[in-house]
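The structure appears right after this line, and notes come after that.
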Amino acid sequence: MKVIRNVADLGAAMDPAPGRAPSVGLVPTMGSLHAGHLSLMAAARAECDVVVVSLFVNPAQFGRGEDLEQYPRDEVGDIATAESAGVDLLFAPAADQVYPEGFDTWVDPGKIGAYLEGSARPGHFRGVATICTKLFLLVKPRRAYFGRKDAQQVAVVKQLVRDLELPVEIVACPTVRDPDGLAMSSRNAYLSPDDRQVALALPRALEAGLAAHRSGTDAVRAARDVLDAQPGLRVDYVAEADLDGPTLAAAVVVGSTRLIDNVVLDAEA
Ligand code: PAF
């Protein structure tokens, strides 16, 4: 596996040899790789000739007072994980490679980036849309893989690709959960064992919401009831929204950790 740290070397590496245009699969990440990321890499490996993983904790998607400094980082572990997942190229730039002196052009996804996560984290999706646009232009992937756990992010990136006619297919992969039901997230590392027990109300609430939806009752009310009954947790939002399909989404805060999760509101029992 090649590790590349600057934009010029990435450009050279992604320039196909004359007459050869291998299909490239991109898995954008902020590192601290877990089984959720591995499922994206496995999907890319199965469908593409060349798999590229980006590892960049993107300062532009963190607001003031958020966890940019504390965000878990383990580059040595991530390189080993990506290598063992059969990744061909890891792009791990420093911030000044991505945002050099004078950088001041942003991609703003509009309404879809302004509610739910967007209203709780103003500017977040502008940062996500900008870094994804840069990565798509630099890596030129045929497909890019995102976890459905960040359903609003998937919807934002799909809109971005559609609106700017970027030649990349966005593949949304199912949420990967730990055996206790908690959706995999790098931020789970912040949870103490007690916090984690409290946090399990989130997937339980979404399951209750899905069951209510399937039986024709109010999904938001059912999820909210489970969360309100859980001491030690603050609800940020519970909402039904079209996030790349009908979705029940929620955000909660446990201790100082903010967690998001969602379920697709399908009709199947
Ligand atoms: O989902 C993430 O880890 C990030 O938002 C992404 C897509 C890598 C952009 O920085």
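Between Asp261 and residues 5 or more places away or on another chain, which pairs have amide H atoms under 5 Å apart, with H built 1.01 Å from N, and which residues are they?
Close amide H contacts, sequence-distant or interchain: Ala250.
Tell me which residues come under 5 Å, amide H to amide H, from Glu66 once H is placed; ignore anything under 5 positions away on its chain.
Under 5 Å from the amide H of Glu66: no residue qualifies.
Mind listing the phi-derived Karplus ³J(HN,Hα) values for region 57-64, rounded to whole Hz, using 6.51, -1.76 and 1.60 with θ = phi - 60°, and x for any glycine or proline?
Result, rounded to whole Hz: 7, 7, x, 5, 9, 9, x, 4.
Could you check how much of the accessible area of the chain is carbon and sulfur, as a whole percent, using a 1.4 Å probe?
Working: 6590 of 12570 Å².
The C+S portion of the solvent-accessible surface of the chain is 52 percent.
Using the Kirkwood formula over every pair of different C-alpha atoms, what hydrodynamic radius in Å results for region 1-51?
Details: mean 1/r = 0.0804 Å⁻¹.
With all distinct Cα pairs of region 1-51 included, I get 12.4 Å.
Grab the beta carbon distance between Ala95 and Glu169, set R0 = 25 Å, and tell me the FRET efficiency rounded to 0.05.
Using R0 = 25 Å, I get an efficiency of 0.30.
Send over the Kirkwood Rh of the chain, from the inverse of the averaged 1/r over different Cα pairs, rounded to one decimal Å. Write out the running numbers ahead of the final one.
Details: mean 1/r = 0.0516 Å⁻¹.
Radius from the Kirkwood sum: 19.4 Å.
Please figure out what share of the DSSP beta bridges in the chain is antiparallel and state it in percent, rounded to the nearest 5.
Here the share of antiparallel DSSP bridges comes out near 50 percent.
Rolling a 1.4 Å sphere over the protein heavy atoms, what is the accessible area per residue of region 67-117, to the nearest Å²? Please report the intermediate quantities before stating the final value.
Working: 2910 Å² over 51 residues.
With all protein chains present, region 67-117 gives 57 Å² per residue.
Solvent-accessible area per residue for region 129-179 at a 1.4 Å probe radius, Å²?
43 Å²
How big is the charge dipole of the chain about its Cα centre, in debye rounded to the nearest 20, if each Lys and Arg gets +1 on its Cβ and each Asp and Glu gets -1 on its Cβ?
Working: 26 positive and 36 negative charges, 45 e Å.
Its charge dipole is roughly 220 debye.
The values are calculated or read from the model by the stated rules, or taken from the named source; none is laboratory data. This one's a predicted model, so the numbers in the text were calculated from it and none came from an experiment. Note that each Cβ is placed from the backbone with ideal geometry, even for glycine, and that neighbours are counted across all protein chains shown. Note: areas computed on protein heavy atoms with side chains; ligands, DNA, RNA excluded. Shrake-Rupley method; radii C 1.70, N 1.55, O 1.52, S 1.80 Å.
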